[in-house]
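This report refers to the structure that appears directly beneath it.
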Amino acid sequence: MKILQPLRERDFALLWGGLTISLLGDGIYLVAVAWQVYDLSNTPSALALVGLAWSIGLALFLLTGGVVSDRFDRRRVMITADLVRAAALVVIGILAATGNLAIGHLVALVLLYAAGEAFFGPALGAIIPDLVSGPRIVEANALAQSVRQTCRLFLGPAIGGIVVATAGTATAFIADSATFVFSALMIALIRTPSRGHGTSDSSAFDDLRAGVAYVRSQRWIWVTLIVASLFTLFYWGPVQVLLPYIVRNDLGGGPETFGLILAADGVGSVVASIVLSQRGLPR
């Protein structure tokens, strides 16, 4: 399959391996954080507050993460982001295991977790063209997206439901932190230099303003951003907050049931990624 060809290139294979494991952890996290919040406060508003902290962390640092990935070694940015997220999850796991975790702790630590994600995402998108040859970039991006759907939305939640049901949320958070440490180790083994094109001639603010201007000039980009925002607001947000509440309170299900329902959501995304990778770039 064309989608697998980028794995012939060593550095991309390392990146993909670390990403695969960390995305499995992300899927575990989706189940663990929802179930943990409803253990502490069985109200949708509590989980919405934790979700808001994640959104604020992304909103505050995502553009900054893009600027940083343009001006510094992207490998170091990604390693630091992975270790920050691992540290936040370890603290959550320890507090949960000792019975000292509160909603306020989760809000603060999820905000830190989101900040790490905000720096990792732009660096990931920018480093892929540095690690694969030109003709394979489409397949490499499709492979990265397909593993995101497969692991974060399919396998990860299914595993997370079982882990939470059998070992508890604290164990799930610690397991997720280990996946980020593994990802950081894989990125550290990458040999290809990947430094952005920012220069001392322009300030970080100038770079940020240029990025916003470029997005505004490309209709397909800002239209895609609007569509993705609407999807998150009206579908994914309610699913994350209300679905675990309904499973827990109305259907009498456990975390394993919630994990399986989330896993079912990822099947269509996986199929779509494979189909698009076979067709190539759209017009």
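Just checking, which of Ala165, Ala123, Ala114 is within 27 Å of Trp236 (Cβ to Cβ), open to solvent by 20 Å² or more (accessible area, probe 1.4 Å) and touching a helix residue (DSSP H, G or I) at 6+ places or on another chain (Cβ under 6 Å)? Break it down stepwise before answering.
Details: Ala123 fails: open to solvent by 20 Å² or more (accessible area, probe 1.4 Å); Ala114 fails: open to solvent by 20 Å² or more (accessible area, probe 1.4 Å).
Sole residue among the options that is within 27 Å of Trp236 (Cβ to Cβ), open to solvent by 20 Å² or more (accessible area, probe 1.4 Å) and touching a helix residue (DSSP H, G or I) at 6+ places or on another chain (Cβ under 6 Å): Ala165.
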- Query: How do the helices (runs of 4 or more DSSP H) wholly within the range 73-186 filter down when requiring 1 or more residues that are at pLDDT 95 or above: which remain?
  - Reply: 74-97, 103-131, 156-167
- Task: Look at the range 187-203 and say how many of its residues are touching a helix residue (DSSP H, G or I) at 6+ places or on another chain (Cβ under 8 Å) and either outside any loop (DSSP other than H, G, I, E, B) or at pLDDT below 80 (or both).
- Result: 8
- Note on the structure: Residues of the range 37-53 being of a type outside the set (Gly, Ala, Ser), assigned to a helix (DSSP H, G or I) and touching a residue at least 60 places away in the same chain (Cβ under 8 Å), in sequence order, are Val37, Tyr38, Asp39, Leu40, Pro44, Leu47, Val50
- Query: Inside the range 74-84, can you point out the residues that are open to solvent by less than 10 Å² (accessible area, probe 1.4 Å) and either within 14 Å of Ile28 (Cβ to Cβ) or without any contact (Cβ under 8 Å) to a residue 60 or more places away in the chain (or both)?
  - Reply: Ala81
- Message: Let me confirm something: among Leu143, Leu185, Leu208, Leu155, which residue is closer than 23 Å to Phe258 by Cβ and either more than 18 Å from the chain's Cα centre (by Cα) or of a type in the set (A, V, I, L, M, F, W, C) (or both)?
- Response: Leu155
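Consider Val67 carefully, then state whether it is at pLDDT below 95 and farther than 23 Å from Phe182 by Cα.
Values: at pLDDT below 95: yes; farther than 23 Å from Phe182 by Cα: yes.
The answer is yes for Val67.
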- Query: Would you pick out the residues in the range 219-250 that are surrounded by 11 or more Cβ atoms within 10 Å (Cβ to Cβ), over 19 Å from the mean Cα position of the chain (by Cα) and not aromatic (Phe, Trp, Tyr)?
  - Reply: Ile221, Leu242, Leu243, Pro244, Ile246, Val247, Arg248, Asn249
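Within the range 54-71, can one find any residue that is outside any helix (DSSP H, G or I) and open to solvent by less than 60 Å² (accessible area, probe 1.4 Å)? Spell out how you get there, then give the answer.
At the first step, the residues of the range 54-71 found to be outside any helix (DSSP H, G or I) are none.
The answer is no; no qualifying residue exists.
The values are calculated or read from the model by the stated rules, or taken from the named source; none is laboratory data. Model, not experiment: these values are computed from the prediction. Every residue, glycine among them, receives a Cβ derived from its backbone with ideal geometry; neighbour counts consider all protein chains shown. The area values use the complete protein model at the heavy-atom level, side chains included, leaving out ligands, DNA and RNA. Shrake-Rupley method; radii C 1.70, N 1.55, O 1.52, S 1.80 Å.
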